[in-house]
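**Q** There's a structure below that I have some questions on.
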Amino acid sequence: MTDTSLRSVTVERTSTGHFVATNVRGGTISFGTASGPDAESEFTPVELLLAALGGCTAVDVDVATSRHAEPDAFRVTVTGHKVTDELGNRLTDLRVSFHVAFPDGEGAERARAILPRAVRSSHDRLCTVSRTVETGTPVATEIEEG
């Protein structure tokens, strides 16, 4: 692995059950455990995973289609069932659903025609998030001193 392949975020606790993730560019997103006064507006970690799945593939599909026509509608819905079984807590039946509409006009037919291929390409090889989930990449944990 090279230094250019490394991706990272830092997660810091702000209060009981509430956290802020910061990326190397300084961007932040707050999230929590879905309890307490901020629970109605904060994402949970599971919702962030669903958003990452949808966001990753949405970016791929948008790049491929919007060069031909600007969409009238572009919505991605990501669902999954949270279960607890002999394997522990996890999501099953993950589904990424696209609703994309293009106006009539130049390039729209081309954008509509490549939409299925763009979704397939994102799923099969481009979207780092869904590829990581589907290949079952191990996660290592450690405790640092101090």
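**Q** State the percentage of accessible surface on the chain attributable to carbon and sulfur atoms; use a 1.4 Å probe and exclude ligands, DNA and RNA. Could the numbers behind the result be given before it?
**A** Working: 5610 of 10730 Å².
Roughly 52 percent, rounded to a whole number.
**Q** Also: Loop sites only, by DSSP: take the GluC sites (Glu not before Pro) in the chain that have at most 10 other C-beta atoms within 10 Å and name the longest stretch containing none of them. Let's see the in-between values first.
**A** On the way: sites that count: GLU40, GLU86, GLU106, GLU142, GLU144, GLU145.
Longest gap between qualifying sites, sites excluded: 41-85.
**Q** Please identify the helices of the chain, taking whole runs of DSSP H, that span at least 18 Å along their own axis as judged from the Cα atoms and have a mean Kyte-Doolittle score of 1.0 or higher. Working shown, then result.
**A** Details: long enough: 45-66 (30 Å, 1.21); 108-121 (19 Å, -0.30).
Helices meeting the span and hydropathy rule in the chain are 45-66.
**Q** Given just the C-alpha atoms of the chain, how large is their convex hull per residue in cubic angstrom? Kindly include the intermediate steps, with their values, before the conclusion.
**A** On the way: hull volume 25.9 nm³, N = 146.
About 177 Å³ per residue, rounded to a whole number.
**Q** How much accessible area per residue does the chain have, in Å², with a 1.4 Å probe?
**A** Details: 10730 Å² over 146 residues.
Ligands and nucleic acids excluded, the result is 74 Å² per residue.
**Q** Something else now. Kindly list the residues of the stretch 80-96 that lie in the label zone of HIS123, defined by a backbone N under 18 Å from the point 7 Å along the Cα-to-C-beta vector.
**A** Inside the label zone: 80-81, 92-96.
**Q** Another one. Pairs of Cα atoms under 8 Å, at least six residues apart: use those to get the relative contact order of the chain, whole percent. Display every interim value, and only then the final one.
**A** Numbers: 175 pairs, mean separation 25.6, N = 146.
Dividing the mean separation by the residue count of the chain yields 18 percent.
The values are calculated or read from the model by the stated rules, or taken from the named source; none is laboratory data. Note that the structure is predicted; figures quoted are calculated from it, not measured. Glycine gets a Cβ as well: all are built from the backbone with ideal geometry, and neighbour counts include every protein chain shown. In case anyone asks, the SASA skips ligands and DNA or RNA and just uses the protein heavy atoms, side chains included. Shrake-Rupley method; radii C 1.70, N 1.55, O 1.52, S 1.80 Å.
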